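S.K.: First the structure, which I've put down as structure tokens, then a few questions once you've had a look.
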Amino acid sequence: MKDITITDSIRYVGADDTTIDLFESQYVVPNGVSYNSYVILDDKVAVMDTVDTRATQQWLDNLDRVLQGRTVDYLIVSHMEPDHAANIQLLAEKYPTMQVVGNAKTFTMIGQFFTVDLTGRSIVVKEGDTLCLGRHTLQFFMAPMVHWPEVMVSYEQTEKILFSADGFGKFGALSVDEPWDCEARRYYFNIVGKYGAQVQALLKKAASLDIAIICPLHGPILKENLGYYIGKYDLWSRYEPEDQGVVIAYASIHGHTAEAARKLAGLLEAKGAPKVVLHDLARCDMAEAVEDAFRYDRLVLAAASYDGGVFPCMEDFLLHLKAKAYQKRTLALIENGSWAPSAGKCMKAILEGMKALNIVEPFISIRSSMKPADEAALEALANRLTEA
Ligand code: FEO
């Protein structure tokens, strides 16, 4: 395992997973993912969360190496999703005197996931409660729906460390050196994105703490420039665009709609759009398309009509955006249809359920393939999208 130092008495015992096909059975992770777990060594020993079953043995080996024969006094459970909680029963059985620390919702879920009897071994904490380990004291803050209802974060008061659960997490194994923003953003919008208000509530609590290090459950330990990462989370959770640019997401069957999308991209670039990003929804990573839709301030949807509706990958994309509370963006629509165009109406119907969208009217309707009049309409749309 790559040696990851946090402080002398707080150690990393998590594990990289570079062979998983789909994280949470839906996200491609080309550079893997890490399941982070930590140990605090003091008069009492606390383990901060477990790991996914895919990494159990490596985690146990790491634990043994760090514990050097000591027992575990407490297991702090920040989050019950199985990528972190899968080994609660195993650890409770390995260390029969270990106490499990969580909130009331944590223990309801432990009862649902496991058969272990924790009678007399459960410490139920509430907002602001503390647990003294010796020199270190953990304080607990509830963070419901960041990302599940039982989530809580722990603040270690002596070394000023925030154990932030899924917050500030990122796709990518720790063995991979890559920029934080891209995979942290893709992680955030696809996994936590729906819960912007709850992230804002957590950020308000965090603002009252003096934080030196953030230890998330996925991705790198953040030790410097924390304002940068907190600023990104603030922006993302307020649903404000991060960058100026136009995302063109297209759903094309035989290439004609794709041709219109590419034509528009060329026009936008020629007119000086700060950034133009094309996504072929039939083939791209949908999570990346969702990420970019949130990242940029303008979105064009171009889709073929299909079965009286819209080509399914576009419907899927829009339902993803809707589920993640997509809002506060400028949108334009392009439909294509050979006999009864239906994509535009269908896309608009899905968009109606979303907040604060500025939809450019009317949408462009192409019959089968682009004609000079369609090219003129695309030119006018490119003007609209670049004149703001
Ligand atoms: Fe990384 Fe919501 O679990």
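The values are calculated or read from the model by the stated rules, or taken from the named source; none is laboratory data. The shown structure was predicted, so the numbers you read here are calculated from the model rather than taken from an experiment. Every residue, glycine among them, receives a Cβ derived from its backbone with ideal geometry; neighbour counts consider all protein chains shown. Please note that ligands, DNA and RNA were not included when accessible areas were found on the heavy atoms of the full protein model with its side chains. Shrake-Rupley method; radii C 1.70, N 1.55, O 1.52, S 1.80 Å.
S.K.: Among (1) over 27 Å from K204 (Cα atoms); (2) part of a loop (DSSP other than H, G, I, E, B); (3) within 16 Å of the ligand (Cβ to nearest atom), which single condition is V116 missing?
M.R.: All conditions are met except number (3).
S.K.: Contact list please: Cβ distance under 9 Å, first residue in the range 215-228 and on the phi > 0 side of the Ramachandran plot, second residue within 16 Å of the ligand (Cβ to nearest atom) and open to solvent by 10 Å² or more (accessible area, probe 1.4 Å), pairs at least six apart or on different chains.
M.R.: G219/F168; G219/L174; G219/E183
S.K.: Name the single residue, out of those in the range 325-364 being among the hydroxyl-bearing types (S, T, Y) and open to solvent by less than 30 Å² (accessible area, probe 1.4 Å), that is farthest from E259 (Cα to Cα).
M.R.: Among those residues, the one meeting the criterion is Y326.
S.K.: In addition: Just to be sure before I move on: is Y27 touching a strand residue (DSSP E or B) at 6+ places or on another chain (Cβ under 6 Å) and either among the aromatic types (F, W, Y) or surrounded by fewer than 17 Cβ atoms within 10 Å (Cβ to Cβ) (or both) in the structure I sent?
M.R.: The answer is no for Y27.
S.K.: What are the pairs with Cβ atoms under 7 angstrom where one residue, in the range 77-98, is without any contact (Cβ under 8 Å) to a residue 40 or more places away in the chain and the other, located anywhere, is within 12 Å of the ligand (Cβ to nearest atom) and open to solvent by 10 Å² or more (accessible area, probe 1.4 Å)? Sequence gap at least six, or different chains.
M.R.: As it stands, the answer is P82/D52; A86/D52, since those pairs meet every condition given.
S.K.: Quick check on my filter: what residues within the range 226-240 are out of contact with any strand residue (DSSP E or B) (no Cβ under 7 Å at 6 or more places or on another chain) and surrounded by fewer than 20 Cβ atoms within 10 Å (Cβ to Cβ)?
M.R.: Of everything in the range 226-240, those that are out of contact with any strand residue (DSSP E or B) (no Cβ under 7 Å at 6 or more places or on another chain) and surrounded by fewer than 20 Cβ atoms within 10 Å (Cβ to Cβ) turn out to be G227, Y228, I230, G231, K232, D234, L235, R238, E240.
S.K.: If you check V51 against the conditions, is it outside any strand (DSSP E or B) and at pLDDT 95 or above?
M.R.: yes
S.K.: Have a look at P144, P179 and point out the one that is away from the ligand (no atom under 16 Å from the Cβ) and within 16 Å of the chain's Cα centre (by Cα).
M.R.: When all the criteria are applied, what remains is P179.
S.K.: While we're here: Residues of the range 5-24 being open to solvent by less than 30 Å² (accessible area, probe 1.4 Å) and either away from the ligand (no atom under 14 Å from the Cβ) or farther than 19 Å from N87 by Cβ (or both), which ones?
M.R.: The initial filter retains those residues of the range 5-24 that are open to solvent by less than 30 Å² (accessible area, probe 1.4 Å), namely 6-7, 9-10, 12-15, 17, 20, 23.
If the condition is that a residue be open to solvent by less than 30 Å² (accessible area, probe 1.4 Å) and either away from the ligand (no atom under 14 Å from the Cβ) or farther than 19 Å from N87 by Cβ (or both), then I6, T7, S9, I10, Y12, V13 are the ones that fit.
S.K.: Kindly provide the set of residues from the range 200-225 that are surrounded by fewer than 20 Cβ atoms within 10 Å (Cβ to Cβ) and part of a loop (DSSP other than H, G, I, E, B), ordered by number.
M.R.: Listed by number, the residues that qualify are S208, L209, D210, I211, A212, I221, K223, E224, N225.
S.K.: So which helices (runs of 4 or more DSSP H) stay within the range 55-113 end to end and still have 3 or more residues that are out of contact with any helix residue (DSSP H, G or I) (no Cβ under 8 Å at 6 or more places or on another chain)?
M.R.: Values: elements: 56-67, 82-85, 88-94, 104-113.
Once the helices (runs of 4 or more DSSP H) in the range 55-113 are filtered for at least 3 residues that are out of contact with any helix residue (DSSP H, G or I) (no Cβ under 8 Å at 6 or more places or on another chain), what remains is 56-67, 88-94, 104-113.
S.K.: Mind checking which helices (runs of 4 or more DSSP H) fall wholly inside the range 236-326 and carry at least 1 residues that are closer than 24 Å to A356 by Cβ and more than 16 Å from the chain's Cα centre (by Cα)? Write out each step before concluding.
M.R.: Details: elements: 256-270, 286-295, 312-323.
The qualifying helices (runs of 4 or more DSSP H) are 256-270, 312-323.
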